Every structure is written in structure tokens, then in C-alpha cells.
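Since the structure comes first, as C-alpha cells, the remarks are kept for the end.
The values are calculated or read from the model by the stated rules, or taken from the named source; none is laboratory data. In this text the structure is predicted, and so the values were computed from the model without any measurement. Here the Cβ positions follow ideal geometry from the backbone for every residue, glycine too, while neighbour counts run over all protein chains shown.
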Amino acid sequence: MKIMPMTVRPLKASKDTSRVGLDGLGISVCELSASGMCGSITAPQEPNKPLRTGRMRRYRVLPYVLAVLVAVCLGGLWWVRHPQEPPLAQGTALFLTPHPDDETFGMGQAISHQVRSGRRVVVVLMTDGEGSEIAKDWAANGGTDVDGDADIDRWDFGLARRAEFESAMRALGVSEWRCEGASASQGATGIQDGTLSGIELASVVESIAAQYEPVSYFTVMEYRGDSARLTGDTKPNEDHTALCEAVCDVAVESETQAYFYKPYAYYKSAKILRWAPLVSRGDSEDFERKKVAVQAYSGIAKRSTLTLWVNSQKDRDEYAVPLSWIGGE
Ligand SMILES: [Zn+2]
């Protein structure tokens, strides 16, 4: 077979080998180069073309970079907020609550989880909460003479609150609890509401714990800086602060596990604003028990802190601060 030599029509524009001339031929410089027919023809480059291409590449990559950044941020947020199982006690789970309802609102699922995991659970009600602002309102509107001494006073109110606490304990499956409050003796013995900061609380906590050793501590977190961003009852409570600090001191001293829960987290109307280093939840049975226990507080606690009563039944999560965050190591 005879191979005919390929002919290439010479470019007319010998003095002008611009892209216009090549475009007119319907062929590109690159195509010519690739086929080896380019010869000495070179297309002049626009001086700023490589720069523009670089910018274009950057613009094309930008959405992907942003998507990765958003994914990393969302992943981090999920990791920080995703609920874990409530921590289990090493030994007796010793729950200390300053007033009736703090334990159920703040750590009801944590209590139930310990019970159902077979731990020995002891819940200590430090005061009967008889100093509440609504004590007089309660006495005037449906309050009863609980102790039968022919009057309706704050001690009756304290005993009524204690009764709510005991119903809640039964709903959570707790069989051991103790009440350190003063209502039963009308102030003669026991700890009165509002006085935790004025007593040697750390030694009280130590002497209680000594009866159940070894223990892990579960109590309330003091308000600290959270109060500035709270809606609702924003007053830091002195009893909460005192109990938190006493348990913290004792736990650090004895190198004991301790967790501090935030019942006040539920004051925050938006769930996204509720946060703690440890966000935990029990299983559905724990949550059901907690809801029944919160219902046990439908008399006084509901009237006193309606927001907590409502939100603690809606939110599956509980918010805790481990000792290492506040006690240091
Ligand atoms: Zn309280």
C-alpha cells in the first residue's frame, strides 16, 4: 500500500500566529503540538492567564474546604454533646440533695440507672426545703396540718415536701433514703433550710459517707457563671453552693469519684443552651421512672419551679460536671 504523505496547509499568518488565526483554521495549538505537526508555531500566552487559572482553581476548591470545615465543627459539637450512659458508682451510689426535687429534676435517670444496675443506692435529703418563698402561699391555699399540732406552718410545709420526695424515691425504685431536715422536730434537731453554708458541712458529709463506704458521690452543681445566662429563677442558691463545695472538698481529699449535676440547666428554654461536660441519659425505663418521680412533685415543687418541672420531663438528657473539672487533679 502506498502511503500518501500528509500535507499541511501552510498558515497564512506567518507574521501573525495568534489564536485568532488558528481558531480560524478550526484547530488549536495544542492539537497541533500533540500530533507533532506544530513545528515552530507557538501561541503567545496572555501574561495574566496562569494567575487567573490559579484563582479559578481556588474558587472551585473553596466550597469543598468549607464543607469539610462545617463537617468537622458538627462532628466536634456532636462529640461534646452526645449523651453517654450515666456513670456507675464504685461502691455505694451516695446521692446528696440540698432540697426535695433537686435530685429528681437533675439526676432522676442517674438514680434509676444505678438502682437497675444493681448498685446500692442511698439518697440523702439534706434539708426539707421549708424556707421556700411559697411556704406561706401553700399554707393559705390548700396547706394542711401535717404534724397535727393545730397550726399550719413552715414545718408542715417541710413535711409535705418531704412526702413528695419519698414518693419520688419510690417511683425511682430507691429503697434507702434518709432525711436530715429539721421539720419532723420543728427545728429542734436536724438541718434547717438555708443553713448549709453555716455548718461544718464537709464533716457532715464525711460522717454520712463513712456509713456506706466505699462510695461515689452524686450531688448538685453550684450555679457559677451559668446563672448569668439563665432565664427563670436566676438566684444562685447558697445551699446548692455549700453542698457542692463540701462534696468537692471531701471527694478530693479522699480521692473519691464524684459528679455534680445541674438541675438548673432546665431553666434554659432552648435545649441547645443546656450543656455540661458530661451529658448522660439512661434507657427508656429510666426516663419513664424519672417522669413518674417528677409527677410526684405535682403539688409543691410544680408550683414553686414550674419551668424545671415541665422541662425535666421533656428532656432525655441530664447534665453533669465530673470532679476533675472542678476539683482539679
Ligand atoms: Zn434546691
Among residues of region 124-154, those that are touching a Ser or Thr at 6+ places or on another chain (Cβ under 7 Å) and buried (at least 23 other Cβ atoms within 10 Å of the Cβ), counted: 5
Residue within region 284-294 that is within 18 Å of Gly129 (Cβ to Cβ) and either in the same structural domain as Gly158 (by TED's automatic domain parsing) or out of contact with any helix residue (DSSP H, G or I) (no Cβ under 6 Å at 6 or more places or on another chain) (or both) present: yes
Boolean, Ser112 is modelled with pLDDT under 95 and assigned by TED's automatic domain parsing to the domain that holds Arg274: no
Index of the failed condition, Ile191 passing every other in (1) within 16 Å of the ligand (Cβ to nearest atom); (2) modelled with pLDDT under 95; (3) surrounded by fewer than 23 Cβ atoms within 10 Å (Cβ to Cβ): (2)
Those strands (runs of 3 or more DSSP E) lying entirely in region 240-329 with at least 3 residues among the charged types (D, E, K, R) and over 25 Å from Gly194 (Cα atoms): none
Filter result for Gly225 (at pLDDT below 95, within 16 Å of the ligand (Cβ to nearest atom) and in the same structural domain as Ala270 (by TED's automatic domain parsing)): no
Residue satisfying all of: in region 110-137; among the β-branched types (Val, Ile, Thr) and in contact with a Leu (Cβ under 9 Å, 6 or more places away or on another chain); nearest to the ligand (Cβ to nearest atom) among these: Thr127
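For Val220, are the conditions met, namely being more than 17 Å from the chain's Cα centre (by Cα) and either within 16 Å of the ligand (Cβ to nearest atom) or at pLDDT 95 or above (or both)?
No; evaluated as a whole, the condition is false for this residue.
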Members of region 263-301 found to be modelled with pLDDT of 95 or more, of a type outside the set (A, V, I, L, M, F, W, C) and surrounded by 18 or more Cβ atoms within 10 Å (Cβ to Cβ), listed by number: Ser280, Arg281, Gly282, Asp286, Arg289, Lys290, Tyr297
Only one of Ser175, Ser132 that is within 32 Å of the chain's Cα centre (by Cα), modelled with pLDDT of 95 or more and either among the hydroxyl-bearing types (Ser, Thr, Tyr) or more than 28 Å from Phe260 (Cβ to Cβ) (or both): Ser175
Whichever residue in region 80-109 is among the small types (Gly, Ala, Ser) and over 18 Å from Thr256 (Cα atoms) and, among such residues, is nearest to the ligand (Cβ to nearest atom): Gly106
Neighbours by Cβ (under 9 Å, 6+ apart or cross-chain): first from region 118-143, not assigned by TED's automatic domain parsing to the domain that holds Phe157; second more than 16 Å from the ligand (Cβ to nearest atom) and assigned to a loop (DSSP other than H, G, I, E, B): none
